[in-house]
Amino acid sequence: TGGAGCCSERLSRSSAAARLLLMRLEVEAAADWIASTFIPGADEADLKQAFNEQLQAVLFARYEGHWYVDEPHRGCAYRSITWGPPLIDALLQRAADAAGVRDAAFGSAMQRGEPYFLLWV
């Protein structure tokens, strides 16, 4: 008793699941890179992990509904993250605050001379 509507609904659900999986993988990669950039020391592994997890949550919540697998250029400005001291992207700051990362981590990144970056996720 499954008509054409049933199959198209299943296909739509599976493509939505695939889209979310791809988005999650990209968000994880971006969060891993950013967390390693700002908190590089092994002695701060717990803080790095907390920041990474909070950043993934912040990014995933922001990008949900703005992820277009077939048109990756679409929405790319909305999915960008900017770092250029003294500018700290609000998404980075929100994740840092939630993870208990103090300004010292961002300050040490500036002292290390981390360059300006614009990351498209």
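The values are calculated or read from the model by the stated rules, or taken from the named source; none is laboratory data. Just so it is clear, the structure is predicted and the values come from calculations on it, not from any experiment. Glycine gets a Cβ as well: all are built from the backbone with ideal geometry, and neighbour counts include every protein chain shown. To get the accessible areas, we keep the full protein, side chains included, count just its heavy atoms, and leave off ligands, DNA and RNA. Shrake-Rupley method; radii C 1.70, N 1.55, O 1.52, S 1.80 Å.
Figure legend. Inter-residue proximity from the range 80-102: first residues without any contact (Cβ under 8 Å) to a residue 24 or more places away in the chain and closer than 21 Å to Glu64 by Cα, second residues assigned to a strand (DSSP E or B) and open to solvent by less than 30 Å² (accessible area, probe 1.4 Å), beta-carbon distance below 8 Å, spacing 6+ or different chains. Indicated pairs: Asp89/Ile81; Asp89/Thr82; Asp89/Trp83. Among all positions in the range 71-82, there is at least one residue which is surrounded by 14 or more Cβ atoms within 10 Å (Cβ to Cβ), under 20 Å from Pro115 (Cα atoms) and not hydroxyl-bearing (Ser, Thr, Tyr). Under the condition of being touching a residue at least 24 places away in the same chain (Cβ under 8 Å) and surrounded by fewer than 15 Cβ atoms within 10 Å (Cβ to Cβ), the residues counted in the range 58-70 number 2.
For the range 38-69, a tally of residues being within 24 Å of Trp120 (Cβ to Cβ) and of a type in the set (Asp, Glu) returns 2.
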